[in-house]
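The structure under discussion appears below in the form of structure tokens.
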Amino acid sequence: MKLNIFKSQEELNEQLAQQVIKIANKAIADKNRFDFVLTGGSSPKGLYKLLSTTYKDQIDWDKTYFFFGDERTVLPFEKDYNGLMAKESFFDNLELKDGHIFYVDTNLPPEEAAADYKQKLDEHFAGAPVVFDLILLGMGDDAHTASIFPQTDLVGNKEATVASVWVEKLDTNRVSLTAPLINQAKNVFFITFGENKAEALAKVFGEDKDFTNYPSQLIQPVNGDLQWFVDEAAASLVKA
């Protein structure tokens, strides 16, 4: 686990973009496609814009496939839908071929949406283990990641799959990749900004393991690389 600390979000996004480009080009060279899992929220918007404008020509988008680490159970046209944010900040700047974006179908009930998404993944990976080239993750100020929230059923899920979960504090269902599925990836990068994340980040990097209350600790790739890209405010309480 590597912690990369930056003075500004702009510097962070610049360095992260270079890492994404490197991984994308290696994946395309190795297996002729790049399987890329996106995160929602506001943190990745700057990165998405950078990749799809300034560095648009650095990745072969015709060989890139996009997925989502989790999704809110709102309809696809609603502002809180992660897929809509990605479309507006990323996909609309590219000329993507049909079939290259794997959205979570939130027109379905949560459990069905999760099963449908897992089926799509299995088809894309032709029945082989689902091993993404790169998964981007965020972290909440409660140390949740994807939709693996503290004290929820997803914390203890040992299956590499896609699951629905009831999040009591939000009074809603979510659909999410499980930690074991995330941990099959070749690369996992967290993006974390802000002083409000400092306490959670310090807990995640602490010696004590408390997966129930700090689910981001669950992310430990089995055969992959884990890196955190954070600003100084988020890292302010992490002990050296």
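Reported count of residues in region 151-170, each being closer than 12 Å to R72 by Cα and assigned to a helix (DSSP H, G or I), is 1. Among all residues of region 35-47, there is at least one that is closer than 19 Å to V188 by Cα and open to solvent by 70 Å² or more (accessible area, probe 1.4 Å). In this structure, T152 does satisfy being touching a Pro at 6+ places or on another chain (Cβ under 9 Å) and open to solvent by 10 Å² or more (accessible area, probe 1.4 Å).
Here's the yes/no breakdown for (1) in contact with a His (Cβ under 6 Å, 6 or more places away or on another chain); (2) modelled with pLDDT of 95 or more; (3) farther than 23 Å from T178 by Cα; (4) of a type outside the set (V, I, T):
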| site | (1), (2), (3), (4) |
| --- | --- |
| A198 | no, yes, yes, yes |
| V204 | no, yes, no, no |
| L218 | no, yes, no, yes |
| P221 | no, yes, no, yes |
| W228 | no, yes, no, yes |
| K239 | no, no, yes, yes |
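Can A185 be described as hydrophobic (A, V, I, L, M, F, W, C), part of a loop (DSSP other than H, G, I, E, B), open to solvent by less than 70 Å² (accessible area, probe 1.4 Å) and in contact (Cβ under 8 Å) with a residue 40 or more places away in the chain? Against the criterion (hydrophobic (A, V, I, L, M, F, W, C), part of a loop (DSSP other than H, G, I, E, B), open to solvent by less than 70 Å² (accessible area, probe 1.4 Å) and in contact (Cβ under 8 Å) with a residue 40 or more places away in the chain), A185 qualifies.
Number of residues in region 64-86 that are over 21 Å from K97 (Cα atoms), out of contact with any strand residue (DSSP E or B) (no Cβ under 9 Å at 6 or more places or on another chain) and not charged (D, E, K, R): the value is 1. For the condition at pLDDT 95 or above and either surrounded by 17 or more Cβ atoms within 10 Å (Cβ to Cβ) or closer than 21 Å to V230 by Cβ (or both), A29 does not qualify.
Please find, within region 193-240, the residue that is surrounded by the fewest Cβ atoms within 10 Å (Cβ to Cβ) out of those that are assigned to a strand (DSSP E or B) and touching a Ser or Thr at 6+ places or on another chain (Cβ under 9 Å).
Taking region 193-240 first, the residues assigned to a strand (DSSP E or B) are 225-231.
From what is left, the residues that are touching a Ser or Thr at 6+ places or on another chain (Cβ under 9 Å) are 228-231.
Working: W228: 24, F229: 25, V230: 23, D231: 21.
Out of the qualifying residues, it is D231.
Screening the candidates A202, A179, A234 for the property of being under 21 Å from Q15 (Cβ atoms) and among the small types (G, A, S) yields one hit, A234. Residues that are in contact (Cβ under 8 Å) with a residue 40 or more places away in the chain and hydroxyl-bearing (S, T, Y) within region 64-99 comprise T64, Y65, T73, S89, listed in sequence order. Screening the candidates T172, T106 for the property of being closer than 19 Å to G83 by Cβ, open to solvent by 30 Å² or more (accessible area, probe 1.4 Å), touching a residue at least 40 places away in the same chain (Cβ under 8 Å) and of a type in the set (V, I, T) yields one hit, T172.
Yes/no per residue for (1) part of a loop (DSSP other than H, G, I, E, B); (2) open to solvent by less than 60 Å² (accessible area, probe 1.4 Å):
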| position | (1), (2) |
| --- | --- |
| D116 | no, yes |
| E123 | no, no |
| F132 | yes, yes |
| I135 | no, yes |
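Residues considered: A233, A198. Of these, the only one that is without any contact (Cβ under 8 Å) to a residue 60 or more places away in the chain and touching a Leu at 6+ places or on another chain (Cβ under 6 Å) is A198. Residues that are more than 15 Å from Y48 (Cα to Cα) and not hydrophobic (A, V, I, L, M, F, W, C) within region 1-28 comprise K2, N4, K7, S8, K22, N25, K26, listed in sequence order.
The values are calculated or read from the model by the stated rules, or taken from the named source; none is laboratory data. Just so we're clear, the structure is a prediction, and the values are computed from it rather than from any experiment. Glycine also receives a Cβ, built like all others from the backbone with ideal geometry; neighbour counts cover every protein chain displayed. To get the accessible areas, we keep the full protein, side chains included, count just its heavy atoms, and leave off ligands, DNA and RNA. Shrake-Rupley method; radii C 1.70, N 1.55, O 1.52, S 1.80 Å.
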